[in-house]
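**Student:** Pasting in a structure now, in structure tokens, and then I'll have a few things to ask.
What follows draws every value from the coordinates through simple rules; no lab data is involved. Bear in mind that the values here come from a model prediction, so they are computed numbers and not experimental data. Don't worry about glycine lacking a Cβ; one is built from the backbone with ideal geometry, like all the others, and counts go over all protein chains shown.
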Amino acid sequence: MSKPVPKSNPFLLALIDDLKTASRENEAPIWRDVALRLSRPSRVWAEVNLSRLERHAEDGEVVVIPGKLLGTGRLTKALRISAFQSSEAARTLVEAAGGQVLAIRDLVKENPRGSGVRIMG
């Protein structure tokens, strides 16, 4: 069995540290959960298609995806979606539906307590 390879992306490492700090300072366990999910190997990260968001998210909801947002499917709901990575097609379709795609770090600054935020994936 091989030894796990440590993460080397400095942006990802800083984001994980920032999420853990935000969780402690704001007593918001949601950010620690997202940090732990991003600490896992990237091959097990969530990959959420728009079709899944269409089925499971309510209109106007704030969703965080600890992984990748992909553009397969259609979206008719105005969602605020935060993901570590997102495809250009997904961004275009979310904005066309009246939603918004933002970085996880921006969502933490905007909502440090994590209230009303739902994890998908």
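**Student:** Summing Lys, Arg as +1 and Asp, Glu as -1, what charge do residues with Cβ under 15 Å from the Cβ of PRO4 carry, PRO4 excluded?
**Tutor:** +4
**Student:** Something else now. For segment 48-56, take each phi angle, set θ = phi - 60°, evaluate the Karplus expression 6.51 cos²θ - 1.76 cosθ + 1.60, and give the result in whole Hz per residue in order, putting x for glycine and proline.
**Tutor:** Values per residue, Gly and Pro as x: 9, 8, 4, 4, 5, 5, 4, 6, 10 Hz.
**Student:** Using the eigenvalues of the Cα gyration tensor, what equivalent ellipsoid semi-axes result for segment 1-101 when each is taken as the square root of five times the eigenvalue, whole Å, largest first?
**Tutor:** For segment 1-101, the ellipsoid semi-axes come out as 26, 17, 11 Å.
**Student:** If the only charges are +1 at each Lys and Arg Cβ and -1 at each Asp and Glu Cβ, what is the size of the charge dipole of the chain around the Cα centre, to the nearest 20 debye?
**Tutor:** Rounded to the nearest 20 debye, it is 460 debye.
**Student:** If you place +1 on the Cβ of every Lys and Arg, -1 on the Cβ of every Asp and Glu, and leave all else neutral, what size is the dipole of segment 15-80 about its Cα centre, to the nearest 20 Debye?
**Tutor:** Rounded to the nearest 20 debye, it is 320 debye.
**Student:** How many nm separate the modelled label positions at ARG32 and SER8, each set 7 Å beyond the Cα in the direction of the Cβ?
**Tutor:** 3.1 nm
**Student:** Here's another thing I want to ask about it. At a threshold of 8 angstrom on Cα-Cα distance, excluding pairs fewer than six apart, so keeping six or more, what relative contact order does segment 10-119 reach in percent?
**Tutor:** It comes to 25 percent, rounded to a whole number.
**Student:** Please list, or write none, the lysines whose alpha carbon is within less than 25 Å of the alpha carbon of LYS77, excluding same-chain residues fewer than 8 places away.
**Tutor:** Counting by Cα, and skipping residues close in sequence, LYS77 has these lysines nearby: LYS68, LYS109.
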